[in-house]
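Below is one structure, written out as structure tokens; the observations come after it.
Each value in this text was obtained by applying a stated rule to the coordinates, not by laboratory testing. Not measured: the values here are computed from a predicted model. FYI the Cβ positions are ideal-geometry reconstructions off the backbone, even for glycines, and counts take in every protein chain you see.
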Amino acid sequence: MAVVKAGGAAAALSSPIEQTIDLLGDRLTVAILREAFVDHVRKFSRWIDRTGAPPAVLTTRLNALVEAGLMVREPPSAGREHHEYLLTDLGLAIWEFLVSVWWWQREWSPAGALQPELVHLDCGHRGPPELMCRHCNRTVKARDVEVELDSSSLVFAGHSGRRRSTRTNPEPRRADLQFTEVMEAIGDRWSALVTGLALSGVSRFREFQSILKISPTTLSERLMRLTDAEMLTRGDDERQYALTPRGRALFPIFAFLLAWSQRAHPDTATPGLGLRHRRCAATSLVPALRCRGCDLTMTRTSVRFEGHPLSR
Ligand SMILES: [Zn+2]
Ligand SMILES: [Zn+2]
């Protein structure tokens, strides 16, 4: 069940989670980060080659990543026209989110078999990991968590800081093409919030509406898109929605989005959206990835993607 906190002052800015969704709910941005993480891409021209993005669009996304503190810009070295971009610690901390996006694509997208293999270097195990709670070490499923939503901070923020229009996105090509399906669910703040609420057990139209306080038209449109993308399915009652297995499988992506958002905005009193693990005493879930081969918690430097189709 979702727990909705009432009251609180209206936030002047978007809540951290909305800022995170606005930043990371973008195919090209995720593709840029993925290339930087998997293949250590840092040169402007290589991202152009890999993503097919027009230079002006790539510049905008890289600037946004620098502004948000995920990357630092290094001055062009001799004979180079463009800056180089390096991941910061905050940028590197996105790796679990990237793994969970990969995991979903691998299991639920028709092109999943084309995905590279995730290898745990400690034991050599290949394949998807398991989501666990860092506090109690138990495996975590969507049904084990309670979603805490501070509706006041979300609602007011919903009217400011409109995310850039998807029209400014280039036509998806190569690297970013594979994120299209995931982006149906997280590529816009309302879709992301609707999916997040559905993960926490909200199912009725009126319930979504009373928590999010969005117009029925906007809500209907998002519910329809999520239904078309087979993330949600309609119940017998027309106004009731349930997650499909592929919708429920988005849970790790959400858990890591929220965890990263909290790391990126450590001083915010109202994170907007939080997860609580019901089975332990931790007040907010700190998710981690566990290897299914050796049961160890994965670390960033203990995993590698192999057979990356784009590196050939
Ligand atoms: Zn726990
Ligand atoms: Zn292992």
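Details
- Taking R246, R222 and counting other C-beta atoms within 10 Å, the order from fewest to most: R246, R222
- The distance linking the range 98-153 with the range 178-229 is 21 Å (Cα centroid to Cα centroid, whole angstrom).
- Residue-count net charge about C123 - beta-carbon cut-off 12 Å; Lys, Arg +1, Asp, Glu -1: +1
- Counted by Cβ distance under 13 Å from Q209, the other residues give a net charge of +3, where Lys and Arg count +1 and Asp and Glu count -1.
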